[in-house]
Amino acid sequence: MDQVVDRTARNGPASPLNGSAMVPHVRVEGVTKRFGAFAALDNVSLAVEQGKLVCFLGPSGCGKTTLLRVIAGLETQDSGRIEIGGRDVTPLPPSQRDFGIVFQSYALFPNLTVAQNVGYGLVNRRKPRKEIRARVAELLTLVGLPEQTSKYPVQLSGGQQQRVALARALASSPSLLLLDEPLSALDARVRVRLRDEIKALQRRLGITTIMVTHDQEEALAMADRIVVMNRGQVEQVGSPADIYARPATAFVADFVGAMNMFDAEVAGPGRVRIGALDLACGGLNGKPPGQRVKLGLRPEEVRVRGVEAGSANAVPVVVELLDFLGAFCRATLRPAAARDLVLRSDFSANAMRDLGIKEGQTLTVGLPPEALRVFDVETAGGA
Amino acid sequence: MTYAATVVTQETRRITAEDVVMRVAIVALVAFLMLAIALPLATLLSKSFQDSTGRFVGLANYVRYFATPSLVASLWNSFWVAIVATVIVVPLAFLYAYGLTRTRMRAKGFFLALALLPLFAPSLLSAISFIYIFGNQGFLKTWLFGASVYGPIGIILAQVFYCFPHAMMILITALALADGRLYEAAEAMGTPRWRVFLTVTLPGVRYGLISAMFVVFTLVVTDFGIAKVIGGQFNVLATDAYKQVIGQQNFEMGAVVGFVLLVPAVVAFALDRQIQRRQVALLSARAVPLEPRVNPLKDTAFLFYCVVLGGLVAAVLGVAVWGSFITYWPYNLTLSLKNYNFAEFESNGFGPYFASLHMAAIAAIFGTAIIFSGAYLIEKGQGFASGRALAQLLAMLPMAVPGLVLGLGYVFFINAKWNPLGFLYGTIVLLAINCIAHFYTTAHITATTALKQIDNEFEAVSASLKVPFYRTFARVTVPICMPAIFDIAIYMFVNALTTVSAVIFLYGASNKLASISIVHMDEAGATAAAAAMATLIVLTALTAKLLHLLLDRLVFGKLQAWRRR
């Protein structure tokens, strides 16, 4: 049988989460799903550690929702297998897998009260009425809505409805919680508050949770681990700090946070050339001179204080445009020696004031060699 | 070991008890639609290629059809009468719909209700009315300057009345879908009114206009009752089919006429579907609804127009009602209930009326249950995609099939020697099934529209909560869709009550329907009794509709508290 293979072999290079001594609660192995000619999921493998909150992050159409639905059994994959809690659930319908799910649309039953919605799955398990009522009250307290039992969904705000949906998903104490863009339909303020609450609740219950989102800020703020997806494939798996500081591919770098991206060429050992600029660069890993690479630099890494003409990678630039964004300004800079290049950088309000930066001004900025990130030109699958 | 070794080919999803329920239901739906719609039509088609002994004769029947001058003449008659009626009714309905949607005239609700009245009557009621008005003893006979109302004139007059609400409803929908911003933009540029009408209004409703024309044309070509009652010696396709089958027992030629009838209906249907698809794309989601402004002159003019037209509609209906109470037209004009003593004109007395009620109730109750559950399976069902796609196709088919053609198909199908369902012939159940099939599509679209508005994730949520789909269907889907379900039930009831063409071939001796009894009493010269029976049907249909509205207001208001904020 195909399934009975050497465990160590499977945990080898194919598993992106290998190495750590973790207990996987969800295991996805070689899952492929096609819709006609379009590969929504292309041989995806990953594992979700017990009790953690994992975010599937990516642009729309990257396959993250399809992957969630395959794990739930709402979508049938063309090939590959799914394990939940050490059990192979590949052939099982959703009702025989063990999960609770929350959708972006809330999907509350409009003709049932809050209490009836939360108790919907419990009633079916023929539990005593009193026990159900107690459980519903407990769940509503848990999500912070203890007083709303007899209201109908239409009488609640969006945030409240999503809390009810969360309580309903948790009612039968599933081992896995699936959240499909749960915050996307909410106002910005409610979104931030609910996001903190969901995270706190998840920590408290210790329930393994998978959340799908296209909002990188949400993923960075909530997740224990982030799975960045693109075109049906996993680009990178890591902690939020990892993903932000050490993006594995140009795609991840560009999608998570802002990033200046330059087409560059290796000029020599530890040197790169971007157009007319010749810069020192760490992390070339002995790439031969002449090789084309992509060079990334986060806007906040552009130095403006204590940069002198002689310091490393000091570049004289003209300030073309300043976008005021509250706590900081995003500046559009053009290197004096290479006017065809655009460099975006974030200057704190402090720096703006101290240095008196204005549009049209010339100043010297530093591009720290260690902050320049090098990517292969064709990095579809990782560096 | 390479990773590829661990890739498992797709394992078929384990079938649960719930899946079995779902599949059995889908199979049952497909079987019903095959039996009620597809097979009768297929039998009709094959019959037209056979001789009376059942031998395949290719196109021989068709050759004979087109070689018979009288038959070809009625084909031509059907066409030109339908075209004239269309040309008259669409502009009349357009102006009426315009008044109801684009002006601030008073009592719009009242005038809408007035114009919809013909929907609650059998088509042939208007024909009876025009016999009272312009017939041999009509009180306005002289207005025709010697021309006879029995023929094209009568057919066209009656069809205009009968088709008016159908055209008007389509045009109201089209006129209501207007983007207010286009009008504001035109006004901002100082465009004269007539130019706004030509460049914004008309292009906006052109698909609605075309659709209304197709619908009216098809209704006229395929209607049987009006031509039967007021057509006199003027033959049309629908009466030909009746004469071939009932009069001459020439089933093969009847099948050919049925198929000829099917062609314009199918063509009109296909073109209309094509056009409707474009109509949807016409209005973007961000359009702002148009709020007509007060314009005393325009509002008064349209009010006047609607009073005249609405008044005429009510008058035509009223003449038949009035005629039914007149003791002996035109000699004894005292009012009495004598014509309602149906036992004098009809061996079964009130029997046909109760048979109609019985049949309409069966069609309404079972039809609604089948159609709504079917739409649910097609729209929200899981698995067995090919079965669901086939069911959808079959559900859309009856829209393109005239009632007379479907009825003929039923006759051939149910009487076929190989058919074990033959025992159903002449039963009330078969009449009800025929009605359900004939009116399936509109009801199916109503159900589908309601279901599409429900969150698609309900089924996913139920599965995650381990609640079987049928429980969520009963506890959530059906309660949410209750208004649509009642709409379907009342639509079925009213149409089953008023239809003639769908059932004319199928009734048995013991269950002759009221609408058929009208045809027979009229044939026997008892026009007043026919008018009385028609009046009874109208009253029943209107009562049912009013009860529905009342129920909607009072009962539903309370049961559906969850809709209110």
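The values are calculated or read from the model by the stated rules, or taken from the named source; none is laboratory data. This one's a predicted model, so the numbers in the text were calculated from it and none came from an experiment. Cβ sites come from the backbone with ideal geometry, for glycine too, and all protein chains shown count toward neighbours.
Restricted to helices (runs of 4 or more DSSP H) entirely inside the range A:183-290, those with at least 1 residues that are without any contact (Cβ under 8 Å) to a residue 24 or more places away in the chain and of a type outside the set (V, I, T) are A:188-205, A:216-222, A:240-245.
Please verify whether the range B:29-47 includes one or more residues that are of a type in the set (F, W, Y) and touching a Ser or Thr at 6+ places or on another chain (Cβ under 8 Å). No. When B:G99 is tested against (1) surrounded by fewer than 23 Cβ atoms within 10 Å (Cβ to Cβ); (2) touching a residue at least 24 places away in the same chain (Cβ under 8 Å), just one condition goes unmet, and that condition is (1). Only one of the numbered conditions (1) closer than 20 Å to B:V500 by Cβ; (2) assigned to a helix (DSSP H, G or I) is not met by B:E187, and that is (1). Taking the numbered list (1) closer than 20 Å to B:Y305 by Cα; (2) assigned to a helix (DSSP H, G or I); (3) of a type outside the set (F, W, Y) in turn, B:I131 passes all entries but (1).
Exactly one residue out of A:L74, A:L145 is at the interface with chain B (Cβ under 9 Å from one of its Cβ atoms) and surrounded by 19 or more Cβ atoms within 10 Å (Cβ to Cβ): that is A:L74. When we screen A:P110, A:P94 for residues that are facing chain B (nearest Cβ under 9 Å) and under 26 Å from B:A17 (Cα atoms), the only hit is A:P94.
One residue stands out in the range A:148-166 among those that are outside any loop (DSSP other than H, G, I, E, B) and more than 27 Å from the chain's Cα centre (by Cα): the one that is farthest from the other protein chains (Cβ to nearest Cβ), namely A:P153. Only one entry in B:A107, B:A60, B:A67, B:A113 is of a type in the set (G, A, S) and within 21 Å of the chain's Cα centre (by Cα), namely B:A113.
Answer yes or no as to whether B:A531 is away from chain A (no Cβ under 14 Å), surrounded by 23 or more Cβ atoms within 10 Å (Cβ to Cβ), touching a Pro at 6+ places or on another chain (Cβ under 7 Å) and not aromatic (F, W, Y). No.
Here is a check on your reading of the model: is A:F103 within 12 Å of chain B (Cβ to nearest Cβ), of a type outside the set (S, T, Y) and within 19 Å of the chain's Cα centre (by Cα)?
Numbers: within 12 Å of chain B (Cβ to nearest Cβ): yes; of a type outside the set (S, T, Y): yes; within 19 Å of the chain's Cα centre (by Cα): yes.
For A:F103, the condition - within 12 Å of chain B (Cβ to nearest Cβ), of a type outside the set (S, T, Y) and within 19 Å of the chain's Cα centre (by Cα) - is met.
Residues that are surrounded by 15 or more Cβ atoms within 10 Å (Cβ to Cβ) and farther than 30 Å from A:V89 by Cβ are absent from the range A:167-183. The number of residues in the range B:534-565 being of a type outside the set (A, V, I, L, M), free of Cβ contacts under 8 Å to residues at least 60 places away in the same chain, buried (at least 17 other Cβ atoms within 10 Å of the Cβ) and more than 14 Å from every other protein chain (Cβ to nearest Cβ) comes to 0. When we screen A:A169, A:A200, A:A223 for residues that are of a type in the set (G, A, S) and under 16 Å from the mean Cα position of the chain (by Cα), the only hit is A:A223.
If you check A:V307, A:V293, A:V317, A:V374, which single one turns out to be free of Cβ contacts under 8 Å to residues at least 60 places away in the same chain, part of a strand (DSSP E or B) and crowded, with 16+ Cβ neighbours inside 10 Å?
Details: A:V307 fails: part of a strand (DSSP E or B); A:V293 fails: free of Cβ contacts under 8 Å to residues at least 60 places away in the same chain; A:V374 fails: free of Cβ contacts under 8 Å to residues at least 60 places away in the same chain.
When all the criteria are applied, what remains is A:V317.
With the condition being exposed (fewer than 12 other Cβ atoms within 10 Å of the Cβ), I'd like the helices (runs of 4 or more DSSP H) fully within the range B:7-71 carrying at least 3 qualifying residues. It comes to B:17-33. Every condition in (1) more than 23 Å from the chain's Cα centre (by Cα); (2) surrounded by fewer than 17 Cβ atoms within 10 Å (Cβ to Cβ); (3) part of a helix (DSSP H, G or I) holds for B:T477 except the one numbered (2). The residue that is farthest from the chain's Cα centre (by Cα), among those in the range B:371-390 that are closer than 23 Å to B:N434 by Cβ and surrounded by 20 or more Cβ atoms within 10 Å (Cβ to Cβ), is B:L377.
Name the residues in the range B:474-496 that are of a type in the set (D, E, K, R) and away from chain A (no Cβ under 12 Å), would you?
Pass one, the range B:474-496, residues of a type in the set (D, E, K, R): B:475, B:487.
Matches in the range B:474-496: B:D487 only.
Scanning the range B:429-452 for residues that are surrounded by fewer than 20 Cβ atoms within 10 Å (Cβ to Cβ) and farther than 23 Å from B:L393 by Cβ returns a single hit, B:V429.
Summed over the range B:506-518, residues that are touching a helix residue (DSSP H, G or I) at 6+ places or on another chain (Cβ under 6 Å) and part of a helix (DSSP H, G or I) total 4. Inspect the range B:482-494 for any residue being among the hydroxyl-bearing types (S, T, Y), surrounded by 24 or more Cβ atoms within 10 Å (Cβ to Cβ) and either touching a helix residue (DSSP H, G or I) at 6+ places or on another chain (Cβ under 9 Å) or closer than 30 Å to B:L337 by Cα (or both) and give the result as yes or no. No, the range B:482-494 contains no residue that is among the hydroxyl-bearing types (S, T, Y), surrounded by 24 or more Cβ atoms within 10 Å (Cβ to Cβ) and either touching a helix residue (DSSP H, G or I) at 6+ places or on another chain (Cβ under 9 Å) or closer than 30 Å to B:L337 by Cα (or both). Pairs are defined by a Cβ separation below 9 Å, a sequence spacing of at least 6 or placement on different chains, a first member in the range A:356-370 that is hydroxyl-bearing (S, T, Y), and a second member that is modelled with pLDDT under 90 and buried (at least 17 other Cβ atoms within 10 Å of the Cβ); the pairs so defined are A:T364/A:V304; A:T364/A:V307. Restricting the range A:105-142 to residues that are of a type in the set (V, I, T) and touching a Lys or Arg at 6+ places or on another chain (Cβ under 6 Å), which is surrounded by the most Cβ atoms within 10 Å (Cβ to Cβ)? Taking the candidates together, the pick is A:V118. Entry remark, the range A:282-302: residues being within 26 Å of A:S348 (Cβ to Cβ), in contact with a helix residue (DSSP H, G or I) (Cβ under 9 Å, 6 or more places away or on another chain) and modelled with pLDDT of 90 or more number 5 in total. In summary, helices (runs of 4 or more DSSP H) completely within the range B:385-469 and bearing 3 or more residues that are without any contact (Cβ under 8 Å) to a residue 40 or more places away in the chain and away from every other protein chain (no Cβ under 14 Å) occur at B:385-396.
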